[in-house]
1. Collect the residues in the stretch B:24-81 that are hydrophobic (A, V, I, L, M, F, W, C) and farther than 17 Å from A:P213 by Cβ, keeping them in residue-number order.
2. What helices (runs of 4 or more DSSP H) lie completely within the stretch A:275-369 and have 2 or more residues being open to solvent by 60 Å² or more (accessible area, probe 1.4 Å) and not hydrophobic (A, V, I, L, M, F, W, C)?
3. Do we find a residue being in a loop (DSSP other than H, G, I, E, B), touching a helix residue (DSSP H, G or I) at 6+ places or on another chain (Cβ under 8 Å) and surrounded by 11 or more Cβ atoms within 10 Å (Cβ to Cβ) anywhere in the stretch A:124-145?
4. Tally the residues that are free of Cβ contacts under 8 Å to residues at least 60 places away in the same chain and either surrounded by fewer than 13 Cβ atoms within 10 Å (Cβ to Cβ) or polar (S, T, N, Q) (or both), restricting the search to the stretch A:18-41.
5. Looking at the stretch A:26-35, is at least one residue closer than 17 Å to A:E200 by Cα and under 26 Å from the mean Cα position of the chain (by Cα)?
6. Quick one: which helices (runs of 4 or more DSSP H) lie wholly within the stretch B:218-295 and hold at least 2 residues that are touching a residue at least 60 places away in the same chain (Cβ under 8 Å) and out of contact with any Ser or Thr (no Cβ under 8 Å at 6 or more places or on another chain)?
7. Just checking, does the stretch B:26-34 include any residue being surrounded by fewer than 21 Cβ atoms within 10 Å (Cβ to Cβ) and assigned to a strand (DSSP E or B)?
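The values are calculated or read from the model by the stated rules, or taken from the named source; none is laboratory data. In this text, all values refer to a predicted model and were calculated from it rather than measured experimentally. Virtual Cβ from ideal backbone geometry, glycine too; neighbours counted across all protein chains shown. Calculation scope for accessible area: heavy atoms of the full protein, side chains included, ligands and nucleic acids excluded. Shrake-Rupley method; radii C 1.70, N 1.55, O 1.52, S 1.80 Å.
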Amino acid sequence: MSRILAVLYKEFLQMKRDKLTIGLIFMLPLVQLLLFGYAIQTEVKHIPTVVFDQSLSPESREITRAFTASGYFDVVAATGNYQQVTQLIDRGTVKVGIIFPPDYAKQVRSGDTAAIQVLVDATDSMVSNSAIATANSIGLLKSQQVLAEKVGQFKAPYDIRVRPWYNPDGITAYYMVPAILGIIVTMTMVMMTSMGIVRERERGTLEQLMVTPIKSYELMIGKIIPYIALGYLQITVALLVGAIVFDVPIRGSLLELYLLTLFFITASLGIGVLISNIAKNQMQAMQMSFFILLPSILLSGFMFPREAMPVFIKALSNIIPLTFYLTIIRGIVLKGIGFAYLVPQVTALLVFTVILMGISIMRFKKKIA
Amino acid sequence: MEYVVTTRELTRRFGNFTAVDRLNLSIAPGEIYGFLGPNGSGKSTTIRMLCGILEPSAGSGQVLGYDLASEAEKIKPHIGYMSQKFSLYDDLTVYENLDFYAGVYSIPYRERRHRIGEMIELASLSGREKDLVAHLSVGWKQRLALGCSIVAKPSILFLDEPTSGISPTSRKMFFTIIQRLANEGTTVMVTTHFMDEAERCSNIAFISEGRLIANDTPDQLRNQVLSGVLVEVEVAEPMQWLAKLENLPYVKECSLHGSLLHVLLEHENKMADLRVYTNSEVNPITPSLEDVFITLAKRDRG
């Protein structure tokens, strides 16, 4: 016990003197949240659009208005020839081109199917998906209106009423902020612990410790506890920024969030400790941390929904602690659910912690070479 | 006699390279055991094995009756170690470093303040307790490292080149502390390249390429290693004479010491011959440890 306390106290002293690290601990959640919370918008609106209207009729203008009124298309140019449409798209000035044929109005009036061509620059799938979906639904809606006018009394055969729960307004920040919090904690925990232990190896202080009666697990516990405290500090900063700047509601119990977060912190620390066990120097530790971080960001469901992943990749995402924590934090923050619904995720994180720490403690021998 | 350290055929290999080759050592309690040898001769490797942080490849060893391979953890509470490289925390103060090691060695809280005070006094660290280690000179750092390694009052102290890179005054100060510890009953095993320090050891082991090639008291080494008579020759252009003298049939060894040549002759009666040959002063001298080691190293290479 005295040995664990000695390590603990030493770590706190060192952290206190490391101004850069302290700064990072606070600035990381602050800056990352402010940047990404605003920048990451999965819903793409205001797509620059060019209109090539050969019909020049009230009917074509009505459809153009419907497109702009949706908020998804901003008509930034109108042109008189097809070639210029392709040029603008090629150049990237616009992402969408709407083309009305010369006989468009005539077809509408005669009751024929009137064709409107919508060209979409699909290099960025997020933009093009948004454009395509909106264009299609505008088409459907307008068709219905025209039909209704023709038939007079008209009742749609189906009425699908969608109610988006938990985030009815579709505010991206609600969904992103808790996830960014998860990323920040993984990043800090994995890097700081791995570097912290490898640094002792590099400076020779670990060799000095190996000659003392300290036990491997005592050293580990003493080194890890300060990082758990740092993790909580970061989460608090992140939640405050989320609540104050982005108005993210915390619908579940804050206490439960803090308690369950412990398992995520320990699992992330486990990765860090394992890296420090393998890495010979800080450079290697850094590289290995990045090797872990990138899949965490890409596969955990932070960037892309896991539902869309191929079976193999989805299975792979199950060995990333963040995957489970995202379910936990989004569940508590947005859905207001509690531990009872999150048992599988918490169990998974616990298993990660036990396995990673177990391997590290067993691998860490008080021997050099 | 009951030895505190014994090794039998202790060997350590790194791949194909044998760093320590069938080493047999015995260290008596309270000795200052000087461990000498050229760079890369296996001194640090041996000490690391004795401290229980490096596994021997073959052979065995005991420290305080505990086996190196199977009971390494039992050895650790009773030994102190200073590695070749400074390995304390730069971002902690002198006092905090001592306090940390006091905690790691489980010294009870009540005694800690007193014990740290003792260490500060012993290692002459007073006045700078609150300074960050990063701001200390090498000499101070080494004394602090010594203080940290003896905070638990170990019965054996392993020091791996504790005085390399520090000023002569600091070296002297350091060795006085070591002598004091030995007087109080601590066994000290120390590696060094300095002959004046070797002279102060009660026993010297000389190793080369991982093998023990001599082990005795400084006096015995001086008297027994060199057979023949050692003389000092004062010549102009000693470098040129060195090659000439080495080829003389009655000259066993010849080495350069500043502007003087030390020549080992087969017999006293060759002094006159040498005087005539060089046409200069030839005076018999008492061999220094340095002469001994030069001879040992040459003999080993030959």
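1. Those that are hydrophobic (A, V, I, L, M, F, W, C) and farther than 17 Å from A:P213 by Cβ: B:L25, B:I27, B:A28, B:I32, B:F35, B:L36, B:I47, B:M49, B:L54, B:A58, B:A69.
2. A:282-299, A:339-363
3. No: the stretch A:124-145 contains no residue that is in a loop (DSSP other than H, G, I, E, B), touching a helix residue (DSSP H, G or I) at 6+ places or on another chain (Cβ under 8 Å) and surrounded by 11 or more Cβ atoms within 10 Å (Cβ to Cβ).
4. Adding up the residues that qualify gives 6.
5. No, the stretch A:26-35 contains no residue that is closer than 17 Å to A:E200 by Cα and under 26 Å from the mean Cα position of the chain (by Cα).
6. B:218-224
7. yes
Let's see how each residue does on (1) in contact (Cβ under 8 Å) with a residue 60 or more places away in the chain; (2) open to solvent by 60 Å² or more (accessible area, probe 1.4 Å); (3) not in a helix (DSSP H, G or I):
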site: B:D99; (1), (2), (3): no, no, no
site: B:I107; (1), (2), (3): no, no, yes
site: B:M119; (1), (2), (3): no, no, no
site: B:R128; (1), (2), (3): no, yes, yes
site: B:G139; (1), (2), (3): no, no, no
